[in-house]
Amino acid sequence: MMRRMETLLVTLPTSLLLFCCFLLFVLFGHLPAAGIELPVPVRVGVIINLASATGKRLQTSIRMAVEDYYSMHPNSSTRVELHFRHSPGDAIAAISAAEELVTDTQVHAVIGPETPAEAEFVATVGSRAHIPVLSYSSTATPISASGTPFLVRTCADDSFLAAPIADILGSFAWRGAVLVHEDSSCGGYSIVPALVDVGVAIDCRVALPVDASDDRLDAVLYRTMSRTTTRVFVTNLSPSMARRMFRRAKKAGMMSEGYVWIATAGGQGDEDRLSADDIDAMQGVVIVRPHVRPTIQANNFAARFTARLSKEVAGSQEIHGPSLPLLWAYDTAWAVAAAAEAAEISGPAATSSTGVSAAGETLLKVVLDTTFDGLAGKFRLVDRQLQMPAYEIVNVVADGMRTVGFWTEHSRISHDITPSSRKGLKQIIWPGEQLEQSRAAKVWAVSPNGRELVVSVPVKHGFNQFVDVSDDSITGRPRITGYCIDVFDAVMKALPSPVSYQYVPFNGSSDSYDQLVRLVPQQKADVVVGDVTITSSRMGEVDYTMPFTESGWSMVVAVQTGRSTSMFFFLKPLTASLWLASFAFFVFTGFVVWVIEHRINPEFRGTPLQQLGLIFYYAFSTLVFAHREKLESNLSRFVVIIWVFVVLILTSSYTASLTSMLTVQQLEPMVTDVKELIRRGDYVGYQEGSFMPSELKKMNFDESKLRVYSTPEQYAEALSKGSSNGGVAAIFDEIPYLKLFLSQYCDGYAMVGPIYKDAGFGFVFPKGSPMTPDVSRAIVSLTEGDDMALIERKWFGDPGACDSQGSSMGTSSLSFWSFSGLFLVTGVASGLMLVVNLATFVYRERRELSAAEPGGRSMSLRRLRAWLQHYDRKDTRSPSFTQWKNDGSARNGVEAEETGATKGESIRDFTTPAARSLGGSGDSDIAAAASSPSPGEEVANSASTFFEQRMEEAAVLSKEIQATSAPYGEASLKSLFN
């Protein structure tokens, strides 16, 4: 009885509770019809591997995201319904699950699946049905990106890792690397072009099969190690493949000192907890992964996630927090829930007859515009993919992982994420190193498998100063010396790590060095050392170092000795242009002086022929400073001062050049123009094995006119014979060879003509060899110091030993350009003075010019003639004309009285050139009588009339002088006329 009572008391509350619920349902079951609406269901499909531990963790994370969203937004008008479908990582199963969700369940969106390959196929199904597919795992850009417009990647693209990796390589001056990726459509599709875009040289690509066994991995790794000398590896692998690969790499000895491994986030991926064996195999690896800031929200979720997972999965050993892919999955589900609410979806995802979702495009647009602070950071989509603001750089060490730096687009690599953090990386422990050791400096091997480098050298028959191969009588082995050999040895010693190599002569280099260079791509030699010219055709197959010699090529010719015996040799000191310019300025200067002095100076007047002769005479008389005409104007004096200075320099230069040509022995090149060689059809020579034949053919030389030589002695012999006697007219070769030849044959030969550019000599390495930049830097360091000069002096002697040759070459003629500055000065000065004189004349004579102009205001030939006639008249106001007139009149009168000169004597006086000159400066009657001689009586009558007028003027002037000067006496009057 008591037991029944206890049972009744226990079951009574439960019965009452059920009765109350039934009563409420009966009473209020029709409330929704009264205005209260239930949330609209939004169906979202999730494709994951429900049988795996990772799938279960993802399922829990996505469910928690939806629950957390609606707990924070209880009044939402929509409600996300999750429909999970199983896909064991198979693309066919993923497509089947997607088709079922789209067709049967009619979902509004799809989340997943787990692998990038599955996501690409599911995205194709979603794009066909216009349903957004949100992938938290598709880190690689799909090949058919343009064909999947409804794919939204809520994870970071692998291509974003290229910039941090490039900066890490750049901080250690490593330009090349070996890329290891999975052999799949997404394995290296994104990161390879991204690495190339940021300047990383991919020396080799190693594609690992997705289903490769351990034996297959070993074969691939050993083959890579034997084929490349690069020891820097960049991996982009899935988590499981990365762990297996590093274990096999350690077994192969590739995790030892000298190796560098940089892994992308795939090194941790979904399961970011490494076992003890994984840490042991990956010690020294640097991992670049997206950085997630620790927040209170993320820590709270991690605690709840761990507790819930331990309850939902019986016997689960997962006690650590969620990884980055789980955080991305959480943020993806949250974004779908927020977008469904913002899109105001009002019903199921109804599809048309063509199977296209009606609300898909609207939901996609809202998802792309959705932003919020998620667990993995700021959720923001650009170009349908998530943007990560920062990346973390971690180093795997014995104790686990330690952060060595961060990377952002603004500050690049720094110790911390803060903007003021110290730049660069913290100390990294590379494979095979300990904490106290420094960073690895050597990241390449001297050759695959560590063998000695095979260095091929040419066997030359001449110019052995560059490379000399001889037999050693003691050892019986080839003895290889020379300038190029010493340079290469010095460069190898300057490298940060020792390099073992051996020289191997190549006998086929005498025909063409192209065969010697091809030994490297044919893998018959590791390096080619010698006088090998850098050409663009050869660079297509091999890599060259920086040049270590002077660049360019030219020609050397014979010179002839002798002096010119031409009757016009005196013209040679000046070029024709300088002679013509000098003559022109002589005439111009004389003309300027005549124009300025013509109106004011009686010495610059006369008949037209006299004035023309005066122009030439005066200017050329300055050549020997014999000009005696007195100048009246300061303008003409200034012109003459400048011109005399120019004449002084011209005459001095002419005298010095003529003296040099007459006294110094002349050495003139036999030919100086390449076109002349081609026109005359002369023979020309070149050195065996060089690239000269192809260059000479490009210059239109006939192949039959080319002759090959080997030694400097053959050069000299061929040039001395000449083209017509079995030799050549010129030798074409590179500048180092020509300088060596001229250092041995100073007399009789000269390098002439233009210098054609080339890149010089360089060492040959395989295409993409990591040694090339290091050797180039060593060459530059060697050139900057004194070592290179010592090597050159050892093999080529002291520079400038043949400089005396240049002083014995023929003196060239002086050109117009050498004196163009002087001509410019005198031309400007003369022209300026002429303008000033003419301007002054126009201003002073403006009234007379106006009166003398013919009718009309327009400028005409008559007007110009009137101006010129007025300018031709003497300026009577000039002091020189006034003084000359007075002196001339008094002198004539005194002579007539004292000497009783007859008319015949007077006539003779006035018919002399002096009298005619005097008449030209008197009044118009006197000038007419003196300057217009007539035959017979007309001359006598004119002269008599002229004499009588002059006597009358002299008598009148004498009386005036006696009246005004009586106190002075007769002595004073005589002194006045004298």
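The values are calculated or read from the model by the stated rules, or taken from the named source; none is laboratory data. None of these values were measured; they are calculated from a predicted model. FYI the Cβ positions are ideal-geometry reconstructions off the backbone, even for glycines, and counts take in every protein chain you see. Side chains included, ligands, DNA and RNA excluded: accessible areas come from the protein's heavy atoms. Shrake-Rupley method; radii C 1.70, N 1.55, O 1.52, S 1.80 Å.
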Practice prompt. Would you tally the residues in the stretch 766-796 being outside any helix (DSSP H, G or I), over 24 Å from LEU516 (Cα atoms) and small (Gly, Ala, Ser)?
Written response: 1
Worksheet item: Which of the residues spanning the stretch 484-533 are more than 18 Å from THR228 (Cα to Cα), of a type in the set (Gly, Ala, Ser) and surrounded by fewer than 21 Cβ atoms within 10 Å (Cβ to Cβ)?
Response: ALA490, ALA494, GLY508, SER510, SER512
Practice prompt. Scan the stretch 233-266 for residues that are open to solvent by less than 10 Å² (accessible area, probe 1.4 Å) and of a type in the set (Gly, Ala, Ser) and jot them down.
Written response: ALA242, ALA249, ALA263
Practice prompt. Restrict the check to the stretch 198-205 and report whether at least one residue is at pLDDT below 90 and part of a helix (DSSP H, G or I).
Written response: no
Fill in: Answer residue from the stretch 108-124, given it is assigned to a helix (DSSP H, G or I), open to solvent by less than 10 Å² (accessible area, probe 1.4 Å) and not small (Gly, Ala, Ser) and is nearest to PRO209 (Cα to Cα) among those
GLU118
Worksheet item: If you scan the stretch 52-66, which residues turn out to be at pLDDT below 90, in contact with a strand residue (DSSP E or B) (Cβ under 7 Å, 6 or more places away or on another chain) and open to solvent by 20 Å² or more (accessible area, probe 1.4 Å)?
Response: none
Discussion item. Show the residue pairs meeting these rules: Cβ distance below 8 Å; 6+ apart or different chains; first residue within the stretch 419-431 and among the basic types (Lys, Arg); second residue in a loop (DSSP other than H, G, I, E, B) and open to solvent by 20 Å² or more (accessible area, probe 1.4 Å).
Written reply: ARG422/HIS415; ARG422/ASP416; LYS423/HIS415; LYS426/HIS415
Worksheet entry | Filter pass, VAL102 being outside any loop (DSSP other than H, G, I, E, B), in contact (Cβ under 8 Å) with a residue 60 or more places away in the chain, touching a strand residue (DSSP E or B) at 6+ places or on another chain (Cβ under 6 Å) and of a type in the set (Val, Ile, Thr) | no
Worksheet, complete the sentence: Within the stretch 815-851, residues modelled with pLDDT of 80 or more and not in a helix (DSSP H, G or I) come out as SER815
Worksheet item: If LYS572 satisfies every condition in (1) open to solvent by less than 40 Å² (accessible area, probe 1.4 Å); (2) touching a residue at least 60 places away in the same chain (Cβ under 8 Å) but one, which is the exception?
Response: (1)
Item to complete: Output the residue which, of all residues in the stretch 535-549 that are surrounded by 15 or more Cβ atoms within 10 Å (Cβ to Cβ) and at pLDDT below 90, is farthest from ASN464 (Cα to Cα).
Response: GLU541
Worksheet item: Taking the stretch 361-412 as the search range and keeping residues that are of a type in the set (Gly, Ala, Ser) and surrounded by 16 or more Cβ atoms within 10 Å (Cβ to Cβ), which one is farthest from ASP68 (Cα to Cα)?
Response: SER411
Fill in: Matching residues in the stretch 510-522 - criterion: being out of contact with any Asp or Glu (no Cβ under 8 Å at 6 or more places or on another chain) and either within 19 Å of TRP795 (Cβ to Cβ) or free of Cβ contacts under 8 Å to residues at least 24 places away in the same chain (or both)
GLN515, GLN522
Fill in: Matching residues in the stretch 80-93 - criterion: being crowded, with 23+ Cβ neighbours inside 10 Å and farther than 14 Å from GLY55 by Cα
VAL80
Worksheet item: Taking VAL775, is it more than 24 Å from SER554 (Cα to Cα), within 34 Å of the chain's Cα centre (by Cα) and open to solvent by less than 10 Å² (accessible area, probe 1.4 Å)?
Response: yes
Item to complete: Give the number of residues within the stretch 212-235 that are under 17 Å from MET255 (Cα atoms) and not in a helix (DSSP H, G or I).
Response: 8
Item to complete: Could you give me the residue pairs with C-beta distances under 9 Å whose first residue belongs to the stretch 780-793 and is closer than 11 Å to ALA494 by Cβ and among the aromatic types (Phe, Trp, Tyr), whose second residue is at pLDDT 90 or above and surrounded by 12 or more Cβ atoms within 10 Å (Cβ to Cβ) wherever it lies, and which are 6+ apart or on separate chains?
Response: none
Response to the item:
In the set LEU650, LEU696, LEU658, LEU667, the lone residue that is modelled with pLDDT of 80 or more, in contact with a Ser or Thr (Cβ under 9 Å, 6 or more places away or on another chain) and buried (at least 16 other Cβ atoms within 10 Å of the Cβ) is LEU650
Practice prompt. Residues being under 18 Å from VAL517 (Cα atoms) and not in a helix (DSSP H, G or I): count how many of those fall in the stretch 683-702.
Written response: 5
Worksheet item: Does the stretch 451-473 include one or more residues that are surrounded by fewer than 18 Cβ atoms within 10 Å (Cβ to Cβ), among the hydroxyl-bearing types (Ser, Thr, Tyr) and modelled with pLDDT of 75 or more?
Response: yes
Fill in: Failed item, numbered, when ARG304 is tested on (1) among the basic types (Lys, Arg); (2) at pLDDT 85 or above; (3) under 28 Å from PHE233 (Cβ atoms)
(3)
Discussion item. Against the condition touching a residue at least 12 places away in the same chain (Cβ under 8 Å), over 19 Å from LEU324 (Cα atoms) and open to solvent by 50 Å² or more (accessible area, probe 1.4 Å), how does PRO132 come out, does it pass?
Written reply: no
Practice prompt. Please identify the pairs in which a residue from the stretch 637-663 that is among the small types (Gly, Ala, Ser) has its Cβ atom under 9 Å from the Cβ atom of a residue that is in a helix (DSSP H, G or I) and open to solvent by 30 Å² or more (accessible area, probe 1.4 Å), counting only partners at least 6 apart or on another chain.
Written response: SER653/SER818
Fill in: Enumeration of residues in the stretch 61-93 that are closer than 17 Å to GLN297 by Cα and either of a type in the set (Lys, Arg) or assigned to a helix (DSSP H, G or I) (or both)
SER61, ILE62, ARG63, MET64, ALA65, VAL66, GLU67, ASP68, TYR69, TYR70, SER71, MET72
